[in-house]
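Trainee: Handing you a structure now.
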Amino acid sequence: MIDLGLSKLAIIGVVALVVIGPEKLPKVARMAGSLYGRAQRYLNEVKSEVSREIEMEELKNLQKEVQQAAENVKQDVEKAVSDNLAEVQGAWDGTPFPTVEHVISATPDDLSRKAREFRRKKLVRNSAIPGWYKQRHGGKLHVTSGAARVARFRPRGNSSSSFY
């Protein structure tokens, strides 16, 4: 923008008073003000029209995305219904279909071991110190349990497990 201070406006006013004259100066100032106001209204109108066009384009894109999502949901529902109908028809005809017992072949020991490993790995992942820092500065790279820490720092001389 043009940087107009009070001194520059005073100089412009004095030059306009000398060039235009004191009789015509108020009419010219009113006309300049009205032209400036019209220009501002025109620019605001153009800005609002451009923003409306952008919003309309965004709404059209959103509508396309919603239609695609609805089509995907429709296809998923149709597929699920057809699979269930085929399963019911197979059961009606007497053909065996897979049950939960056939699908899950893991033992409870395997499940508990996997759960422990998952919790341990999650603790390592979510720790406050990044892994690269631990490797560079020799920090702990894995989480140890409380019992393991006690066993590591317990004196080796006494074999008794009680305090008494």
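The values are calculated or read from the model by the stated rules, or taken from the named source; none is laboratory data. Here the structure is a predicted model, which is why all the values come from computation and not from measurement. In this analysis, Cβ positions are derived from the backbone assuming ideal geometry, glycine residues included, and neighbour counts consider all displayed protein chains.
Trainee: State whether the residues of region 122-142 include one that is surrounded by 11 or more Cβ atoms within 10 Å (Cβ to Cβ), modelled with pLDDT of 75 or more and in a helix (DSSP H, G or I).
Mentor: Pass one, region 122-142, residues surrounded by 11 or more Cβ atoms within 10 Å (Cβ to Cβ): 122-124, 127, 131, 134, 139.
Applying the additional criterion that residues be modelled with pLDDT of 75 or more yields 122.
If we keep only those that are in a helix (DSSP H, G or I) as well, we get 122.
Yes.
Trainee: Right, here's the next one. Filter region 16-30 for residues that are assigned to a helix (DSSP H, G or I) and either surrounded by 11 or more Cβ atoms within 10 Å (Cβ to Cβ) or charged (D, E, K, R) (or both) and give the result. Before the answer, list the steps.
Mentor: Taking region 16-30 first, the residues assigned to a helix (DSSP H, G or I) are 16-20, 25-30.
Listed by number, the residues that qualify are A16, L17, I20, L25, K27, V28, A29, R30.
Trainee: Return the only residue of D76, D110, D93 being at pLDDT 80 or above, loosely packed, with under 10 Cβ neighbours inside 10 Å, out of contact with any Asp or Glu (no Cβ under 7 Å at 6 or more places or on another chain) and among the charged types (D, E, K, R).
Mentor: On the way: D76 fails: loosely packed, with under 10 Cβ neighbours inside 10 Å; D110 fails: loosely packed, with under 10 Cβ neighbours inside 10 Å.
Unique residue meeting the criteria: D93.
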